[in-house]
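The values are calculated or read from the model by the stated rules, or taken from the named source; none is laboratory data. Bear in mind the structure is a predicted one, so any value in this text is a computation, not a measurement. Every residue, glycine among them, receives a Cβ derived from its backbone with ideal geometry; neighbour counts consider all protein chains shown. Only protein heavy atoms, including side chains, enter the accessible area calculation; ligands, DNA and RNA are left aside. Shrake-Rupley method; radii C 1.70, N 1.55, O 1.52, S 1.80 Å.
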Amino acid sequence: MSVDEDVGVSTIELFFDLVFVFTITQLTSLLVAEPTGVGVARVVLIFGNVWWMYGGYAWLTNAVPPRETVLRLLMLVGMAGFLIVALAIPESFGDSGVAFGIGYLVVTLVHTGLFLRSSQESTVRAMFRLGPFNLVTAALLLIAGFTSGGAQWALWATAFVLHWASPVLTPVGDFRIRAKHFVERHGLIVLIALGESVVAVGIGVQGHELSTGLAVTAVFGLALAAALWWMYFDGEDKRAERALADAPDARNPWLALFAFGYAFLPLLGGIIVFAAGMKEAVVRYDEPASAATAWFLAAGVATYVVGLVALRAVLRTGPVTARLGVAVVAVPTVVIGLALSPEVQIAALTLVVVAGILAESRRRQLLPAS
């Protein structure tokens with residue numbers, strides 16, 4: 001084990017991740033403002049492209065710990081780029097498209113430049129192959145800012161596909177992942193994203209009298225967010241760390257990519273959708289939910305759990321049956337929201353998630369001690 005293997009997440013990385021709170025807030029607000037198929041498609045394309053580069057910074061600081069002053073200053077430049085991206089999200093398909101593209105280009109250039117400062121020859125070699133793909137994608141998003149209609153959608157979709165298909169054409173195996181730091185960094189991102197669902201409740205109640213029903217609904221929302229937190233942090237992070245640490249060198253980076261890249265798309269995306277549902281539910285708790293609110297609540301929880309299932313399946317860290325059951329049963333709660341109220345639907349979703357947690361806990365107790 002190298003000296004760096006035990007190094008945890010630095011304070012500048014935590015500071016950097018605070019921008020992610022604003023990014024999630026902006027995506028949630030965009031979904032609330034346009035709760036249609038088109039709105040969902042926009043959020044998927046924006047989040048897919050942003051998450052690739054945001055996750056890329058987790059890979060960056062894993063390979064090049066930001067200890068030197070120049071590295072920290074460049075990290076702050078990248079942070080500024082992400083802030084511009086987040087500010088531009090609501091109108092990224094409109095008047096702010098160029099600003100989004102410029103911010104994204106800054107983020108990409110800083111990312112590539114810092115990666116090339118790695119002391120590991122294999123990492124630098126890998127980045128010389130991956131960097132051009134990222135730069136082409138950034139250029140596509142910048143060009144998209146000058147277009148509209150079908151051409152704009154095509155450029156955004158091409159950027160999304162190019163990002164997530166690029167590992168097929170690049171030597172991902174040349175990267176080396178420090179398991180403890182990598183898993184801790186992604187765990188903090190999950191925590192930040194779940195915190196956004198709580199923030200969504202606070203934003204939703206602004207301008208409304210704090211009645212008993214509203215307070216109860218808010219507490220139910222917190223309970224559901226806590227249950228989702230429990231599903232990830234009740235040992236899932238530790239098992240993931242062990243799986244990465246124990247993997248052969250050639251397999252280690254691929255596990256990191258599929259578990260914390262691809263599987264995190266539905267995991268974090270589900271939190272965004274769930275937060276959008278909570279933002280609407282908390283102020284209309286005493287009447288039947290709108291179709292968008294009911295579907296956001298149910299689909300958000302189900303998608304998040306599907307992400308956890310994918311994480312386990314990739315890392316082989318445990319059974320997935322109970323979690324698949326939670327994802328399946330979460331969807332029909334839409335009927336409860338539409339027929340009764342979002343408050344009752346949130347309570348039902350909480351019970352479903354808690355039942356899944358208890359089922360897994362019971363199963364672990366029945367397993368023979370290793």
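Can you tell me which residue within region 197-215, out of those that are open to solvent by less than 10 Å² (accessible area, probe 1.4 Å) and modelled with pLDDT of 80 or more, is nearest to His186 (Cα to Cα)? This residue is Ser197.
Has region 10-22 got at least one residue that is in contact (Cβ under 8 Å) with a residue 24 or more places away in the chain and outside any helix (DSSP H, G or I)? Yes - at least one qualifying residue is present in region 10-22. Taking Arg323, is it in contact (Cβ under 8 Å) with a residue 40 or more places away in the chain and not in a helix (DSSP H, G or I)? No. If the condition is being surrounded by 19 or more Cβ atoms within 10 Å (Cβ to Cβ) and assigned to a loop (DSSP other than H, G, I, E, B), then region 328-353 contributes only Ser341. Might you check whether a residue that is within 21 Å of Glu196 (Cβ to Cβ) and in contact with a Leu (Cβ under 8 Å, 6 or more places away or on another chain) occurs anywhere in region 312-329? No. Being under 13 Å from Ala298 (Cα atoms), open to solvent by less than 30 Å² (accessible area, probe 1.4 Å) and of a type outside the set (Phe, Trp, Tyr) is not true of Gly356.
Residues in region 186-196 that are farther than 15 Å from Gly270 by Cα and surrounded by 23 or more Cβ atoms within 10 Å (Cβ to Cβ): His186 only.
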